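Colleague: I am attaching a structure below and will ask some questions about it afterwards.
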Amino acid sequence: MDSGKWIRELREERFVKSSDIERISRSIADAKGNADFYVSHSTLADVETGSVPSIHKLFSLAACLKVSLEELLLVFGIDSGQVSQFGGQGEPAGRRLSGLETREPGFRFQLNFDSSFNNNETSLLRLNPQELASLPPALRKRLDPRRYRYAVVGSKDDTMGELIPPGSLVEVDVMQNAVQVFEWRSMRERPVYLVWHTDGHSCCWCQLEGKELTLLPYPLSRQPIRRFKVPREASVIGRVINAWLPFDQLSNGAHAH
């Protein structure tokens, strides 16, 4: 997924209109006394079709979309954590500043939850860019935030029953956001999608007929079949490609997908 598509989908996911971008960025420009912070409708359209904005406009877009500037820079392939890695190149060894010397960081992985996170409900997670930058390169590439999103299934959300039980962590490929129709031989082969809808988020099976998206739960789930109009009431974020189940489920014989 390219930067423009990522920004557009995040904006639509958070119900941020282009007029909101103009209004908020204008207030930022006024507060800063610098018109470079202003993001017009035409500028936003250019960004969403692949144009790279200035650092001032990136600042405003981060504020409007409620993401960190570091996370937005990652979308454009810029990892601020790598600055020190290249800081001493081209200089004699004796002249390099000791402050630019780097150490291999210890392995840490941390998910940065939004302050409004509710563990009862299925919620999207945001990876902390600083923690992402500290991972080994191979794993950092695997956790590409432009393609993969992560969500936690709410403790009261049994939509997918024992297949993806409450408390599971799921990995979602946003490039697979078209509902597929084919013959599957078992329930486990049927694609599961992460869907945004007006009631929140759900992991579920899907059917799409015209502009109506039907959310299908696991047969033993307590959740009803729900129908939404797309894209106004619901949209498919992507296909669930991996799921890590709670320990109590694994001990009962369930398997991670």
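Taken together, the values in this text are just the output of simple stated rules run on the coordinates, not laboratory data. Keep in mind it's a predicted model, so treat the numbers as computed, not measured. A quick note on method: Cβ atoms are made from the backbone with ideal geometry, for glycine too, and the neighbour counts reach across all protein chains shown.
Colleague: Can you pull the one-decimal nm distance between simple spin-label points at Thr198 and Met175, each 7 Å off the Cα toward Cβ?
Modeller: It works out to 3.4 nm between the two label points.
Colleague: Please work out the FRET efficiency for the pair Arg185 and Arg222, using the Cβ-Cβ distance as r and a Förster radius of 22 Å; give the result to the nearest 0.05.
Modeller: 0.25
Colleague: As an exercise, use a Förster radius of 45 Å and the Cβ-Cβ distance of Leu69 and Lys211 to find the FRET efficiency, rounded to the nearest 0.05.
Modeller: 0.80
Colleague: Going by amide H atoms built from the backbone, whose H comes under 5 Å of the H on Arg226, apart from near neighbours?
Modeller: Here Leu215 satisfy the definition.
Colleague: Compute the distance in nm between two label points, each set 7 Å from the Cα along the Cα-to-Cβ direction, one at Asp36 and one at Ser235.
Modeller: 3.1 nm
Colleague: Projected onto the charge dipole of region 157-214 (+1 at Lys/Arg Cβ, -1 at Asp/Glu Cβ, origin at the Cα centre), which of Leu163, Cys204, Pro191 gives the Cα projection farthest towards the positive end?
Modeller: Pro191
Colleague: Long-range amide H contacts for Arg126: which residues qualify at under 5 Å (H placed 1.01 Å from N, peptide plane, sequence gap of 5 or more or a different chain)?
Modeller: Here the answer is Asn112, Asp114, since their amide H atoms fall under 5 Å of that of Arg126.
Colleague: If the cut-off is a Cα-Cα distance under 25 Å, which lysines reach Lys32, setting aside same-chain residues fewer than 8 apart in sequence?
Modeller: Lys17, Lys57, Lys66
Colleague: I've got another one for you. What are the ³J(HN,Hα) couplings of region 211-224, residue after residue, when phi is run through the Karplus curve with 6.51, -1.76, 1.60 and θ = phi - 60°? Round to Hz, x for glycine and proline.
Modeller: Values, residue by residue: 9, 10, 9, 9, 9, 9, x, 4, x, 8, 6, 7, 7, x Hz.
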